[in-house]
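Coordinate-derived values only; no laboratory data. Bear in mind the structure is a predicted one, so any value in this text is a computation, not a measurement. Here the Cβ positions follow ideal geometry from the backbone for every residue, glycine too, while neighbour counts run over all protein chains shown.
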Amino acid sequence: MGEDLLGYLLNAVDDTKRRQIEAALRRDPQLRRELAALRQQLESDEGEHAFRPPPGLVQQTCDLVQGCQQRASDETARRRSNEVGGASRLWSLADALMGTALFVVAATLFFPAIANSRFRSDIRTCEHNLQRLGVAMYDFSDRNHGLFPSIPLSGNRAAAGVYGPILFYGGYFEDKRILVCPSSTLADRILEWSIPTLPNLDRAEGVHLGKLQRDMGGSYGYAMGYQNQWRYFPPRNEGRAFYALMSDAPSLHLPGRRSSNHFGRGQNVLYEDGHIEFVVDQFRSLLRDPLFTNRLGYAEAGADKNDSVIGGSDMPPIRLAFFRQ
């Protein structure tokens, strides 16, 4: 199983094998610990063998560029002093036009390719984050009678992102960066961002409370459970392939509340059985149910146990206060 775990970490297994490994991870806590240890070893090896540039490389590069610019300027001046008549000037203009045309063609081909490569890389990193969060979720459910983190109905913790502090400070994952999609706006301030503790969240008020609630779930959203006959039920682990457990967080300004991560072109979705899909619109690909509203069209907890609704970090599961858990 060790080679399978390594292939899983390196994203070098096919979909069938990946689903088998994720199913085994949900069943076996010891296997999850082995996965965590192997991931830590890989990250440690990368750190030990990381390339370190020689000292003074930046200054040497700048000096080299400056020298090349000076030599080019001297050569241009020498050629102009030897040129006679307009023919040479016309030839220089033709050269400039040809060079500009070549640059435009190269830019047209090169820069979109680079942008697309970065886009795909961000999607893979985001998928890897959700895989690690999924393992933390399954570990939590194993220790809590099959329940995933519960969202309170009232108080400062009554927002979908509360799963972040629960899992992080509960020791289910150690690297806060897995809560941050690399193409989200949060990635731009990751150095100053932190996951609030639950006591700090409980004490916060006003604008500060709103900021902590927006930050505590990172750039991902979480399933808000469901409501039935005036009662609220938190999400439970039943291994359903159609039930969205987490995804890139919804937005308020895009159609269908689709995520603004990945430039609004789609969102990664972690399903309850452990598989991940990149969904290109606001609808889930299996049942065509919306990700970010329930089947009644409301952005709150589902209308039944199979109606999954992903809430953003600061979203309450129920907007009416008289529901009971």
Rounded to the nearest 0.05, what FRET efficiency do ALA23 and VAL280 have when you use their Cβ-Cβ distance and R0 = 35 Å?
0.85
Quick one: which residues, 5 or more positions from GLY225 or on another chain, have an amide H under 5 Å from its amide H? H modelled 1.01 Å from N in the peptide plane, none for Pro or chain starts.
GLY302, VAL309
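Kirkwood hydrodynamic radius, the stretch 150-208, all distinct C-alpha pairs: what's the number in Å?
Evaluated on the stretch 150-208, it is 12.6 Å.
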³J(HN,Hα), Karplus 6.51/-1.76/1.60, whole Hz, each residue of the stretch 136-151, x for Gly, Pro:
5, 4, 5, 4, 4, 5, 4, 8, 10, 6, x, 8, 7, x, 8, 9
In order over the stretch 217-228: 3J(HN,Hα) from phi, Karplus 6.51/-1.76/1.60, θ = phi - 60°, whole Hz, x for each Gly or Pro, gives x, x, 9, 10, x, 9, 4, 9, x, 8, 10, 7
What's the Kirkwood radius of the stretch 117-311 in Å, using all Cα pairs?
16.6
Principal axis dimensions, the stretch 166-238 - Cα atoms, whole angstrom, descending
44, 31, 24
Please list 203-209, 148-154 highest first by mean number of surrounding beta-carbon atoms within 10 Å per residue.
148-154, 203-209
